[in-house]
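Accompanying notes for the structure given below.
Taken together, the values in this text are just the output of simple stated rules run on the coordinates, not laboratory data. Note that the structure is a prediction, hence the values are computed from the model and not measured. A quick note on method: Cβ atoms are made from the backbone with ideal geometry, for glycine too, and the neighbour counts reach across all protein chains shown.
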Amino acid sequence: MPATPAKLNAFPVFMRVDERMVVIVGGAAEALAKARLLSQSRASLRIVADRPSPELADFAAVNGAELVTGPYARSSLEGAALVFAASGDEALDRQISEDARALGIPVNAVDRPELCDFYTPALVNRAPVCVAIGTEGAAPVLAQSIRARIEQMLSPSLGSLATLAAGFRGAVERLLPKGGERRRFWADFFAGAPAREMEVGSLEDARAAAAELLLRRAAANGHVALVGAGPGAEDLLTLRAHRLLNEADAIVHDALVPEAVIAMGRRDAERLPVGKRKGCHSKSQAEINDLLVSLAGQGKRVVRLKSGDPLVFGRAGEEMQALRDAGISYEVVPGVTAAFAAAADFELPLTLRGVTSSMVFTTGHDLKGESLPDWARLAISGATVAVYMGRSVAAEVAARLTAAGLASDTAVAVVENASLGTRRLLHGTLADLPSLQQRDDLGGPVMTIIGDAVAGANFTRSQPLASYAAGRASARQEQQA
């Protein structure tokens, strides 16, 4: 399982300061910086300074801030919504913080995080849109660096577009039903013609485009995206998969898809687990097919989230056929399949010039029949073989391949939980592979890669398969003794 995400010590909120007083105590550069930050809001500013710098005095005069000159007094904080201690004097900042708390007012002490009730973020201001970047006071320079990057990403017209959207909200709520159809209108609004017209500075054309978009909205059509969630690590999800998750009304997901990946969807999206683990199927494939057709038939945008790649042992063929038969539109979004993630964990070349130029994806269960599958003959001729879900049949895989003529010293690499921080790497030969079946300490999905190319892997972070069997044998001898 992936590591638990770190939790925030400070929860981000946006506090109303319109026509409310914010007090800044200090007379030098720190106070001026906070005053400039607060001037981006509609707050009323009171600056308390014993000896204000000329720059601070000029700022107060130009921006209509109240400037209180003279020694600090607790009474100057009364009635404030927020207080900033920016005196540069630790003892005075501490006193200001204590006074503010006594009055029930949240306080920020500049460069003294231990005295802060809240932290000031780096702001990207596209009012009424605002992006705030915070580091809980730990790395202000990092916050500024992130702000600079976001500034480049967001159009200067974004605030005007948001204001236009606010003017259309009432009409949208009257004309479009709540749910997927309304969300899709807003997606088209912010990414389509209204946004493009606003980009070039044409407010009237943007308003006309928005009105046209609203009037011609047809009834919502359902759609299903068969999306590969990758091997587990959320940062291996494709950009297209991420976008579709954010647009989905319903997310139908497998049991092996981690919560961190599912959580990348909209918070209000319906989440429907249809998990399939070995020996535990919550829904049959026919039931999953019916569910996808039913959800899309209700006009919903559906993401069918499959571990790895949907077209590799994902039974996507049956789901696509069911959608075609029902006349439901669909698309397929590829994902990183587990074999590629396992090879990357091992720094293992799946093809190697002069050694092998072909590879096979299979499951260990393919070897259960009486006849040897064609791919097994490819393995004997030098192909790299990636075996999915093969731990429980590892001994049979090894026995059948060895009997068919594959050398017992052929290299083998095994990865549990490929791509995740909890992954474990094991290596050995085909002769060692049966010991994998005895490993009750492997609870996650296991990928096995067999072939001469495996010898080119990096084994510095892996453990020998043989060591586990040797350890068990030694333990049995000790018990018998």
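A few points about this structure:
- Chain lengthening between T69 and R353 when straightened (0.36 nm per residue, less Cα-Cα): 94.4 nm
- Spin-label model, D441/Q40: points 7 Å from Cα along the beta carbon direction are separated by 5.2 nm.
- The ratio of the alpha-carbon radius of gyration of region 137-234 to the globular-protein estimate 2.2 N^0.38 Å is 1.42.
- Given charges at Cβ of Lys, Arg, Asp, Glu: the chain dipole, positive-most of P140, Q437, P52: Q437
- Across region 336-353, rounded Karplus estimates of 3J(HN,Hα) from the backbone phi angles (6.51 cos²θ - 1.76 cosθ + 1.60, θ = phi - 60°) give 6, 6, 4, 4, 5, 5, 5, 4, 5, 4, 8, 6, 9, x, 6, 10, 9, 4 Hz, Gly and Pro being marked x.
- Crossing angle, helix 394-404 versus the chain [Cα axis fit, 0-90 degrees, rounded to tens]: 40 degrees
- Dipole of region 1-114 [Lys/Arg +1, Asp/Glu -1 at C-beta], most positive-end residue of I96, V17, Y72: V17
- Pair A403, R240: separation of 7 Å Cα→Cβ label points (nm): 4.3 nm
- GluC sites (Glu not before Pro) within region 78-124, DSSP loop, no more than 15 other Cβ atoms inside 10 Å: E78
- Between the residues G382, G335, P310, the greatest Cα displacement towards the positive end of the dipole of the chain, with unit charges on the Cβ of Lys, Arg, Asp and Glu, is found for P310.
- Taking the alpha carbon gyration tensor of the chain, multiplying each eigenvalue by 5 and rooting it gives semi-axes of 58, 33, 18 Å, largest first.
- Taking only the C-alpha atoms of region 158-215, Rg followed by Dmax gives 10.6, 31 Å.
- Separation in nanometres of the label points that stand 7 Å from Cα toward Cβ, at R461 and L215: 6.0 nm
- Estimated Rh, region 52-185: Kirkwood, alpha-carbon pairs, angstrom: 18.5 Å
- Computed packing ranks the peptides 301-309, 43-51, 194-202 as 301-309, 43-51, 194-202, most packed first, by mean other Cβ atoms within 10 Å.
- Under the convention that each Lys and Arg Cβ holds +1 and each Asp and Glu Cβ holds -1, the size of the dipole of the chain around its Cα centre is about 920 debye.
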